[in-house]
Amino acid sequence: MEQYVAKSPSSESSKMSSDPAAPDLQPRSALTPDDRKELLKQLYLARYFDVRLIKEKKRGRLRGTLYSSHNQEAIIVGSLFGLKGTDWISPIHRDMPAFFMKDMRAGWRNPDRIGMSVQEVCAQVWGKATSPGRARDNWSHIGSRAKRIICSTSMLAGTIPAAAGVVYADRLDGGDAVCLTFNGEGSTAQGVFHEAVNFAAVRKLPVVTIIENNQWAYGTPVRDSLPEGLESFAGRAAGYGIPGYIADGQDVLDVYDKVMTAVNRARSGEGSSIVECISFRAYGHGDHDDDRAARYRREFYGDRWEEVIAEERERDPIAVMKRHLVGLGEMTAEEAKLMPAEGKSAMEVNDLDFPEDVVKYLNEGVEFAVASPPPPAEEGSMWVFKEGGR
Amino acid sequence: MSAAPAPLVDGAKKNYLLALREAIFEEMESNPNMLCLGEDIGILGGAFGVTDGLQLRYGRDRVIDMPISEAAIVGVGCGMALNGKTVMAEMQFIDFISCGFDQIVNMTATFHYRTAGDVNINMVIRGPAGGYGGGALYHSQMNEAWFCHSPGLKVVCPSTPKDAKGLMKSALRDGNPVIFYEIKELYRRRDLEEFVPEGEDALIPLGKARIAREGESITIVTYGQNVHHCLEAAKKLDAEGFSAEVIDLRSLVPLDEETILESLKKTSRLLVVNEAPMTCGFAGEVLARMSQNAFELLDAPPARITRMDTPVPWVKPLELHVLPSVDDILQAALRICRY
């Protein structure tokens with residue numbers, strides 16, 4: 001049986017992106033050295049958050065399922081980096097860091113930024129009353145109108161209609177918000193994916209549909225969810241008459257480039273787009289699935305297993321970004337060897353592999369969560385209905 | 001091209017459909033934050049004409065002809081509502097609501113709960129419902145039980161023009177998602193036409209039942225189209241020497257148990273009627289609650305008359321065979337009265 005593995009794209013593989021011969025049209029060309037430094041820092045932060053949760057979970061301190069974002073951090077960081085605070089997002093289960101990384105450019109600890117604080121997000125993960133959703137639904141199912149984050153459900157692709165509605169309302173009110181929706185490649189098979197992407201296309205709504213193609217929809221490989229003859233999930237965009245961009249999901253600069261191309265287009269009134277970010281899933285679907293995933297993935301890749309693992313480690317988003325910085329002369333080869341978190345599993349790294357301020361920042365979140373009380377039991381039956389009218 | 005809108009308030013008697021239309025026009029007029037979405041609601045004015053002239057008056061941005069996708073109608077409406085809008089979402093037939101089911105019960109119904117009160121969805125999902133008209137399997141359903149069983153949704157079903165208007169206006173101001181069952185067989189019934197109040201005077205609160213007819217011998221609890229069947233049966237009961245009190249629930253969620261209990265104190269006998277199938281239907285819910293809360297008031301075993309546990313078939317003899325008839329109601333009431 002032939003085994004399908006989507007090839008790792010280079011940035012040249014993008015379709016309908018800016019002309020490479022005119023680099024000044026590429027959003028990434030406007031990034032400064034400081035921006036790139038910040039992007040690397042944010043990649044470390046997203047990785048550290050995930051690693052920390054994996055360890056806390058293994059110690060039995062967390063309830064529920066952890067859907068690791070390990071190896072997919074470039075999608076989260078690169079997608080969010082260029083957004084305005086007033087833009088909306090709808091992250092899904094594997095995008096947990098997105099909740100506190102939204103509008104992070106306004107300052108990690110800036111209380112006025114339009115995103116959740118790391119304290120709030122940790123409180124949610126720990127199931128505490130200080131979570132934005134008071135820990136009523138689990139993990140990534142939090143949202144806030146003020147923070148402009150749509151609270152998702154477990155029904156994948158199910159927030160794309162709401163994303164279209166949110167920006168429709170915003171536009172009527174004179175706003176210029178764009179909404180980024182995050183989706184796995186598996187959810188593109190859902191009817192609601194089509195129904196919502198179609199509506200957003202018809203009405204030229206500023207919705208950017210990001211497809212995180214990590215090669216696996218739980219236990220189903222891309223081979224079994226992408227029709228032969230369609231090279232990419234982004235290729236579905238043609239059917240809606242909208243652009244479909246493909247980004248290297250391991251390369252934060254390429255993700256930034258493609259997402260911002262789509263965002264700029266959306267904001268200027270030209271309508272929606274699909275951006276497929278091609279990536280790898282480092283672990284199981286959720287941590288309950290890690291052991292089986294190690295087996296089924298190995299069986300699936302067969303003789304290619306060692307090669308796949310080596311490629312995944314080589315193409316760790318932190319490693320890719322470090323190579324960019326060295327290539328640009330913004331980091332020496334010696335500096336790139338410091339804080340070697342890249343290419344390692346969660347259990348292979350420790351705090352010393354990460355920047356100090358990243359560890360400190362996350363500790364503030366964890367300490368807040370641990371010290372927070374759980375919600376009182378009687379809240380379980382509250383807020384079924386709003387009282388007192390609209 | 002849509003016809004020019006009929007005068008909104010002309011003081012004439014209104015049928016059920018025009019009363020609904022007037023409610024939507026009035027709310028659109030007084031609430032600039034309100035949007036309407038649905039299939040064919042704009043240019044056509046809705047399959048039945050409930051939104052006739054609405055787009056002409058309020059424009060394409062506020063009255064949105066949607067692609068054929070109930071999931072998008074509900075889900076997009078949910079997104080608009082979460083961003084501060086009041087939303088009227090039309091299901092062309094309430095049967096089609098199943099295509100938007102996940103967006104209703106998982107996304108919309110739970111938003112307030114999931115966000116610990118941060119977000120509330122002020123949205124009415126309305127559509128023509130009910131049998132007795134030859135609509136066959138997919139244009140005759142009463143599927144209210146699905147939504148009564150989904151926490152976070154209110155469920156409403158008026159049986160008169162006044163109630164249709166008053167409940168629609170209240171639903172559009174309720175702050176919660178409301179599934180609104182319009183009985184299409186009542187839309188244009190001449191004998192129900194009545195004077196319908198205007199503006200704030202028209203409001204009828206959700207969760208308050210209406211005593212459609214006073215009586216002493218038996219309490220018949222029902223809603224929607226069956227209200228009229230029960231009233232007819234009640235007339236026939238009179239001839240048998242029993243006077244029936246007919247309670248029109250109007251709202252299923254929230255349920256006005258108080259009005260039923262008060263009636264049972266007087267009659268001590270209970271019959272519940274609905275045209276949805278029996279198993280896990282709303283009639284069963286009323287029976288269960290009254291068995292639990294009013295057992296000592298009852299002098300006879302309570303009963304329910306419902307559709308058989310079948311789909312609604314097409315041709316008339318088949319359809320009438322499975323749906324509750326006036327005679328079914330009469331016979332059941334007599335059994336209870338004579339117990």
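Results for (1) in contact with a helix residue (DSSP H, G or I) (Cβ under 9 Å, 6 or more places away or on another chain); (2) farther than 18 Å from A:I89 by Cα; (3) touching a residue at least 24 places away in the same chain (Cβ under 8 Å), shown as yes or no for each residue.
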| position | (1), (2), (3) |
| --- | --- |
| A:E212 | yes, no, yes |
| A:V222 | yes, yes, yes |
| A:L226 | yes, yes, yes |
| A:E231 | no, yes, no |
| A:V259 | yes, no, yes |
| A:N264 | yes, no, yes |
| A:D303 | no, yes, no |
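Every residue, every condition in (1) out of contact with any helix residue (DSSP H, G or I) (no Cβ under 9 Å at 6 or more places or on another chain); (2) of a type in the set (A, V, I, L, M, F, W, C), yes or no:
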| site | (1), (2) |
| --- | --- |
| B:H139 | no, no |
| B:M142 | no, yes |
| B:W146 | no, yes |
| B:A164 | no, yes |
| B:L167 | no, yes |
| B:D174 | yes, no |
| B:I179 | no, yes |
| B:Y187 | no, no |
Some residue of segment A:273-285 being open to solvent by 10 Å² or more (accessible area, probe 1.4 Å) and part of a helix (DSSP H, G or I): no
Counted residues, segment A:84-123 - those being open to solvent by 20 Å² or more (accessible area, probe 1.4 Å) and closer than 22 Å to A:K258 by Cβ: 4
Residue, nearest to the other protein chains (Cβ to nearest Cβ), within segment A:332-390, restricted to residues that are closer than 20 Å to A:A282 by Cβ and of a type in the set (V, I, T): A:V358
Residue tally, condition open to solvent by 60 Å² or more (accessible area, probe 1.4 Å) and at pLDDT 95 or above, over segment A:377-389: 6
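Going residue by residue through segment B:204-217, is there one that turns out to be outside any loop (DSSP other than H, G, I, E, B), touching a Lys or Arg at 6+ places or on another chain (Cβ under 8 Å) and farther than 19 Å from B:A129 by Cβ? Write out each step before concluding.
Filtering segment B:204-217 down to residues outside any loop (DSSP other than H, G, I, E, B) leaves B:210-213.
Narrowing further to those that are touching a Lys or Arg at 6+ places or on another chain (Cβ under 8 Å): B:210.
From the residues that got through so far, the ones that are farther than 19 Å from B:A129 by Cβ too are none.
No, segment B:204-217 contains no residue that is outside any loop (DSSP other than H, G, I, E, B), touching a Lys or Arg at 6+ places or on another chain (Cβ under 8 Å) and farther than 19 Å from B:A129 by Cβ.
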Residue match in segment A:163-174 (condition: buried (at least 24 other Cβ atoms within 10 Å of the Cβ) and either more than 12 Å from chain B (Cβ to nearest Cβ) or acidic (D, E) (or both)): yes
Among the candidates A:A123, A:A146, A:A135, A:A74, residue that is outside any loop (DSSP other than H, G, I, E, B) and either modelled with pLDDT under 95 or closer than 18 Å to B:G117 by Cα (or both): A:A123
One residue from B:A81, B:A129, B:A145, B:A72 being surrounded by 24 or more Cβ atoms within 10 Å (Cβ to Cβ) and more than 10 Å from chain A (Cβ to nearest Cβ): B:A129
Any hit, segment A:206-226, residues being of a type in the set (F, W, Y) and either surrounded by 24 or more Cβ atoms within 10 Å (Cβ to Cβ) or under 14 Å from A:G78 (Cβ atoms) (or both): no
The lone exception for A:T159 - which of (1) touching a residue at least 60 places away in the same chain (Cβ under 8 Å); (2) facing chain B (nearest Cβ under 10 Å); (3) over 29 Å from A:L230 (Cβ atoms) it fails: (3)
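Each row is one residue, and each column tells you yes or no for (1) open to solvent by less than 20 Å² (accessible area, probe 1.4 Å); (2) in the same structural domain as B:E319 (by TED's automatic domain parsing); (3) part of a strand (DSSP E or B); (4) closer than 21 Å to B:R210 by Cβ.
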residue: B:V119; (1), (2), (3), (4): yes, no, no, no
residue: B:G133; (1), (2), (3), (4): no, no, no, no
residue: B:V155; (1), (2), (3), (4): yes, no, yes, yes
residue: B:K165; (1), (2), (3), (4): yes, no, no, yes
Single residue of segment A:188-203 satisfying the filter (crowded, with 23+ Cβ neighbours inside 10 Å and of a type outside the set (A, V, I, L, M, F, W, C)) that is farthest from the other protein chains (Cβ to nearest Cβ): A:T188
Check on A:F368, touching a His at 6+ places or on another chain (Cβ under 8 Å) and either of a type in the set (G, A, S) or surrounded by 12 or more Cβ atoms within 10 Å (Cβ to Cβ) (or both): no
Top-ranked residue of segment A:249-272 - restricted to ones that are open to solvent by less than 10 Å² (accessible area, probe 1.4 Å) and of a type in the set (D, E), ranked as nearest to A:D316 (Cα to Cα): A:D254
Complete set of residues in segment B:11-48 that are out of contact with any strand residue (DSSP E or B) (no Cβ under 9 Å at 6 or more places or on another chain), within 21 Å of B:N122 (Cα to Cα) and of a type in the set (A, V, I, L, M): B:A23
Enumeration of residues in segment A:323-360 that are assigned to a helix (DSSP H, G or I), closer than 15 Å to A:L40 by Cβ and either hydroxyl-bearing (S, T, Y) or open to solvent by less than 10 Å² (accessible area, probe 1.4 Å) (or both): A:L325, A:V358
Matching residues in segment B:52-69 - criterion: being closer than 23 Å to A:A200 by Cβ and not basic (K, R): B:Q55, B:Y58, B:G59, B:D61, B:V63, B:I64, B:D65, B:M66, B:P67, B:I68, B:S69
Selected residue (only one of B:S140, B:S170 is among the small types (G, A, S) and part of a loop (DSSP other than H, G, I, E, B)): B:S140
A:G365 vs. criteria among the small types (G, A, S) and either within 27 Å of A:G127 (Cα to Cα) or at pLDDT below 95 (or both): yes
Residue match in segment A:313-325 (condition: closer than 28 Å to A:C122 by Cβ, acidic (D, E) and in contact (Cβ under 8 Å) with a residue 24 or more places away in the chain): yes
Residue in segment B:49-69 that is within 30 Å of A:I142 (Cβ to Cβ) and either more than 12 Å from every other protein chain (Cβ to nearest Cβ) or not in a strand (DSSP E or B) (or both) present: yes
Residue check, A:V255 in a helix (DSSP H, G or I), closer than 20 Å to A:R148 by Cβ, touching a helix residue (DSSP H, G or I) at 6+ places or on another chain (Cβ under 7 Å) and more than 14 Å from chain B (Cβ to nearest Cβ): no
Selected residue [more than 18 Å from the chain's Cα centre (by Cα) and more than 25 Å from B:E144 (Cα to Cα)] from B:R304, B:R289, B:R213, B:R190: B:R190
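Pick from segment B:84-97 the residues that are assigned to a loop (DSSP other than H, G, I, E, B) and within 14 Å of chain A (Cβ to nearest Cβ): which of them is nearest to B:K165 (Cα to Cα)?
That would be B:K85.
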Segments classed as helices (runs of 4 or more DSSP H), wholly inside segment B:269-339, with at least 2 members that are β-branched (V, I, T): B:326-337
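The values are calculated or read from the model by the stated rules, or taken from the named source; none is laboratory data. What you are looking at is a predicted structure, and each value in this text was computed from that prediction instead of being measured. Neighbour counts are summed over all protein chains in view; Cβ atoms, including those assigned to glycine, are modelled from backbone coordinates with ideal geometry. What goes into the accessible areas is simple: the full protein's heavy atoms, side chains included, and nothing from ligands, DNA or RNA. Shrake-Rupley method; radii C 1.70, N 1.55, O 1.52, S 1.80 Å.
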